[in-house]
Every structure is written in structure tokens, then in C-alpha cells.
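All remarks here apply to the structure that follows.
The values are calculated or read from the model by the stated rules, or taken from the named source; none is laboratory data. The model shown is predicted, which means the values in this text are computed figures rather than measured ones. Virtual Cβ from ideal backbone geometry, glycine too; neighbours counted across all protein chains shown. The area values use the complete protein model at the heavy-atom level, side chains included, leaving out ligands, DNA and RNA. Shrake-Rupley method; radii C 1.70, N 1.55, O 1.52, S 1.80 Å.
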Amino acid sequence: PTLSHLPPGPGMPVPPVLDVQSFLTGSGHEGGGLHTTITNSHPTAELRVLYLSMVPWFTRVYIHSLQVSSGSVLWQHYTPARDRARPHTLELLLSLPPLSTCTLTLQFSRAFLTWTEHPPDAHHGFYINSAVLTTVLSECPNCTITSTGTDQQKEIVLRLHTEPLLVSLPTPDFSMPYNVICFVCTVIAIGFGSIFNLTTRTLQPASKTQGLVARLFGHLRRTKKDSATEESSSIAESSSVAEDRSES
């Protein structure tokens with residue numbers, strides 16, 4: 001027997017008669033698998049259990065990939081999913097030998113959702129509901145039973161739930177609408193601003209800015225011009241004075 005099937009020591013808690021665990025396998029956003037282990041710890045009794053699993057439609061389950069080890073399937077029922085309408089439903093009636101561990105494996109692929117179907121925290125992932133395992137036991141040493149009658153209950157209906165699984169789906173880049181809005185607004189602003197400036201502003205020739213040397217030569221030319229003007233005016237005044245004297 002394995003370590004989980006060894007009898008407990010003195011003072012140790014009694015292991016459960018039936019135990020079930022589930023987890024995901026695979027990596028990436030394309031494919032994956034569901035892996036479920038069912039352990040029968042009873043030393044002599046063979047247990048019949050009913051396994052019920054409802055998988056969301058966005059996980060494309062391949063029923064042909066179903067594999068059951070260390071146990072026999074007595075009855076099987078499968079209902080395929082419909083997109084956005086109903087989930088996959090898988091029911092199995094299993095027979096578990098004493099001190100055995102049954103393993104269920106099922107492969108699936110991830111579907112693509114529209115951007116409106118993603119929740120606000122899309123990168124958190126999507127949950128797969130817990131699978132339900134039901135069996136009937138004649139005794140359950142570590143179970144708490146509430147009796148409603150006076151007679152002692154002879155059969156115990158035990159129902160176990162697996163862990164809820166978190167699966168990640170292909171997620172679009174939700175920042176792209178914001179980038180597109182910013183890009184379009186920028187293009188419109190540049191285009192409208194250019195057209196508005198061309199249609200409303202008055203175009204005037206810009207004055208040429210002169211350098212330092214050009215300004216110095218201009219100042220010298222203006223100085224010479226002013227001195228020549230003053231000299232000609234003084235000559236004109238002297239000639240007018242000479243004419244006045246000759247007349248007198």
C-alpha cells in the first residue's frame with residue numbers, strides 16, 4: 001500500500017474513507033487538462049461512487065481523451081456544451097477497489113471570448129465549478145451525522161466536492177481602444193489646426209533680420225548721409241548770407 005493507505009498510528013486521526021482532489025495540467029493559453037484523483041482508503045470494501053462534473057462552455061472538452069485508471073466505469077453519460085448556452089456535463093459511475101486511487105484525466109482547449117464577455121479583471125481568470133462525488137457508506141468513522149429519527153441510520157450518503165479551478169483564457173489588449181482614441185484625436189487636432197490657420201490668418205512677408213556687421217555698416221551709412229546733409233545745409237546758408245550782403 002502507498003503512504004496514504006497505511007493504517008494510522010496510535011493517537012493519529014483516522015484518514016477519510018473517500019477523498020477526491022482536482023487540479024489543472026498544461027501550460028499556455030491553448031490547451032490544458034483536468035486531472036482528478038479519487039482515493040478509496042477502506043481496507044476491504046469496494047466503493048461505488050458517482051462522479052458529476054460540469055465544465056463551462058469556454059473550455060472545449062474532448063470526451064475521447066477521457067482516461068480512467070485503477071477503476072472500472074460502470075456507467076457514463078456526457079452532454080456536450082453549447083456556446084453561451086449550457087456547459088459540458090459528465091457523469092460517471094465508478095467502481096473503486098479497496099485501498100486504491102482512481103485517476104481521471106480529460107483534455108480541453110481554451111475558447112476565444114469577445115472583448116465584451118470579459119469581466120473587469122480579465123487577467124484574473126475564469127472559474128470552473130467544483131465536481132461532485134457521491135457514494136453510500138455503511139460506516140464513516142470520521143463523519144458527523146445528524147439523525148432526525150430514533151432509529152440509527154444504517155446507510156450514510158456521503159457527498160464530496162473538489163476544489164474550484166481557475167483557468168486563464170486568451171485575453172485581448174484592452175489598452176488598444178485608449179491608444180486608438182488618443183491617436184485619432186491627435187490626428188484630428190493637427191489637421192483641424194492646420195486648416196484653421198490657413199483659412200483665418202493673414203499671410204505677411206517676414207522681415208529679414210540683419211546681422212551685427214550689416215547693422216554697423218548701415219549705421220555708418222546713415223552717419224555719412226546725415227553729415228553730408230548738414231554740410232550741404234551749411235553751404236546753402238553761407239551762400240544766402242553772401243547774397244544778402246552783396247545786395248546791401
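Tabulated results
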| read-out | value |
| --- | --- |
| Values of log10 I(q)/I(0), in the order q = 0.13 Å⁻¹, for segment 31-116 under a Debye, Cα-only, solvent-free model | -0.47 |
| Förster radius 35 Å - calculated FRET efficiency between R48 and Y178 (Cβ-Cβ, nearest 0.05) | 0.05 |
| Segment T105-S72, length gained on full extension (0.36 nm per residue, minus Cα span) | 10.5 nm |
| Accessible surface ranking that places the most exposed of C185, C140 first, with a 1.4 angstrom probe | C185, C140 |
| Carbon/sulfur fraction of accessible area - segment 37-83, other protein chains in place, 1.4 Å, % | 53 |
| Residue-normalised accessible area of segment 13-93, given per residue in Å² at a 1.4 Å probe | 54 |
